Amino acid sequence: MTVVLVGLPGSGKSTVGRQLARRLQLPFFDSDHVIEQRLGYSIREAFERDGEASFRDLEEAVLDELSQNASAVISTGGGAVLRPGTRQRLHDRGQVVYLNSMPEEIFRRLRHDVSRPLLQVADPLSRLRDLYAVRDPLYRETAHFVIETGRPSVSTLVNMIVMQLELAGVAPGAARVATP
């Protein structure tokens, strides 16, 4: 089983993904980290050096490769859903979980984070609202499950995801039936 996490930058995909992978005993891949390893420099630098289109090409190729794993948890970059082919492949190859975070919640968490290129603007909250308006429908189109992040702890979010996977019959343990 492959589980793919999608959502806005700062929605918790990497943090939740690491714990979810541990819980499901699956390997964990953060597509942004894989991209940075291949480039040899940061995503922020990639945007500056090569432009967003070039970055999205590489992101699409990396996600294509990672999503071919039979069993893994994959954390995607916030813009991974921008390309129709990527949305379709992720949906077809894994159980996609949208970590839905409101822009105000993300802003509160990320307001001092300078490592996120799309938020290095004069009004980051406005930028997050714009990103949410464009991407929320794409995340929902791609996802099998939507988890509202709100304020639960990471372990609570992991439990919510595992419960959804079990209810859908796709998680390890989902087929267990209690015997009298």
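Here are I74, I43: which of them is in contact (Cβ under 8 Å) with a residue 60 or more places away in the chain and over 19 Å from R87 (Cα atoms)?
Exactly one residue qualifies, and that residue is I43.
Specify the residue that is nearest to R87 (Cα to Cα); the eligible residues are those in the stretch 135-154 that are of a type outside the set (K, R) and loosely packed, with under 12 Cβ neighbours inside 10 Å.
P137
For the list (1) touching a strand residue (DSSP E or B) at 6+ places or on another chain (Cβ under 7 Å); (2) within 17 Å of D30 (Cβ to Cβ), I need the number of the one condition that N100 fails.
Of everything listed in (1) touching a strand residue (DSSP E or B) at 6+ places or on another chain (Cβ under 7 Å); (2) within 17 Å of D30 (Cβ to Cβ), N100 misses just condition (2).
Please pick out the residue among D32, D64, D57 that is without any contact (Cβ under 8 Å) to a residue 40 or more places away in the chain and either under 16 Å from the mean Cα position of the chain (by Cα) or not in a helix (DSSP H, G or I) (or both). Give the derivation first.
On the way: D32 fails: without any contact (Cβ under 8 Å) to a residue 40 or more places away in the chain; D57 fails: either under 16 Å from the mean Cα position of the chain (by Cα) or not in a helix (DSSP H, G or I) (or both).
Criteria check complete, one pass: D64.
Filter the stretch 89-115 for residues that are within 22 Å of R140 (Cβ to Cβ), not in a helix (DSSP H, G or I) and not aliphatic (A, V, I, L, M) and give the result.
If the condition is that a residue be within 22 Å of R140 (Cβ to Cβ), not in a helix (DSSP H, G or I) and not aliphatic (A, V, I, L, M), then G94, Q95, Y98, N100, S101 are the ones that fit.
Out of everything in the stretch 1-29 that is of a type in the set (G, A, S) and assigned to a loop (DSSP other than H, G, I, E, B), what residue ends up being surrounded by the most Cβ atoms within 10 Å (Cβ to Cβ)?
Looking at the filtered set, the residue picked out is G7.
A61 is checked against (1) modelled with pLDDT of 95 or more; (2) surrounded by 17 or more Cβ atoms within 10 Å (Cβ to Cβ) and fails just one. What number does that condition carry?
Against the list (1) modelled with pLDDT of 95 or more; (2) surrounded by 17 or more Cβ atoms within 10 Å (Cβ to Cβ), A61 comes up short only on (2).
The values are calculated or read from the model by the stated rules, or taken from the named source; none is laboratory data. Computed from a predicted model, the values in this text were never measured in an experiment. Ideal geometry is used to build each Cβ from the backbone, glycine not excepted, and the neighbour counts take in all protein chains shown.
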